[in-house]
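See structure below.
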Amino acid sequence: MIPNVCRMTTAVHGHPAGAGGRVGAWEGVRQAIGTGDASLVAAEVLRLDEAGRKEVARELPGHIAAALKAAHERHARREAEADQATERAGEEYVRAEAAGGRPAEEARESWWTWGRFHHEHENRVDWGERDDWIEPTRVAGAGTLSTAAAVSTWLDR
């Protein structure tokens, strides 16, 4: 045993979902996966003892569908918020142009011709965030599965 190293089946962490309290091994890793931060997952896994690693390894395969669904729902919400922000920017653009004397219909056409592209870029949502769960989930499996063959299979999923 390595001196001065504390291993536990519960993780103490400061990420938002955990609020700095004690949670079960699986719950701590599940919450860390939900952040999309693989380094946070690695830190959670490193805190686990053998029983905690077994618990996570047992629960992890069943979490894939939920993690995928949560990431896609999060992305869809952010996309909807970005679309709403672009729509509000368009309305503001037309109001400002009309206040400056430009006919509203011409201002709307101008918005759809070139103005919205500038605002869509500002409110762009990265499609890659839909896959933010993958790397943290792989890290969790690599750190908790008990054999090299199991880890290799997990990483190649």
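What to note about this one:
- T10 vs. criteria under 17 Å from G141 (Cβ atoms), of a type in the set (V, I, T) and modelled with pLDDT under 95: no
- Number of positions in segment 53-77 that are buried (at least 18 other Cβ atoms within 10 Å of the Cβ) and touching a residue at least 60 places away in the same chain (Cβ under 8 Å): 7
- Enumeration of residues in segment 38-71 that are in a helix (DSSP H, G or I) and charged (D, E, K, R): E44, E50, R53, K54, E55, R58, E59, K69
- Contact map, segment 86-109: residues that are of a type in the set (V, I, T) paired with residues that are modelled with pLDDT under 90 and assigned to a loop (DSSP other than H, G, I, E, B), Cβ distance under 8 Å, separation 6+ or inter-chain. Pairs shown: T86/N123.
- Verdict on E87 being surrounded by fewer than 14 Cβ atoms within 10 Å (Cβ to Cβ) and under 19 Å from the mean Cα position of the chain (by Cα): no
- Filtered by the rule that a residue be at pLDDT below 80 and of a type in the set (V, I, T), segment 117-152 gives V125, V151.
- Residue tally, condition modelled with pLDDT under 75 and either more than 17 Å from Q84 (Cβ to Cβ) or loosely packed, with under 10 Cβ neighbours inside 10 Å (or both), over segment 99-116: 0
- Of all residues in segment 85-98, those being at pLDDT 90 or above and closer than 12 Å to R124 by Cα number 0.
- Answer from R74, R53 - the residue that is modelled with pLDDT under 90 and touching a helix residue (DSSP H, G or I) at 6+ places or on another chain (Cβ under 8 Å): R74
- Residue match in segment 27-34 (condition: among the β-branched types (V, I, T) and either surrounded by fewer than 20 Cβ atoms within 10 Å (Cβ to Cβ) or free of Cβ contacts under 8 Å to residues at least 60 places away in the same chain (or both)): no
The values are calculated or read from the model by the stated rules, or taken from the named source; none is laboratory data. Not measured: the values here are computed from a predicted model. Because the Cβ atoms are built from the backbone with ideal geometry, glycine has one as well, and the counts that use them run over all protein chains shown.
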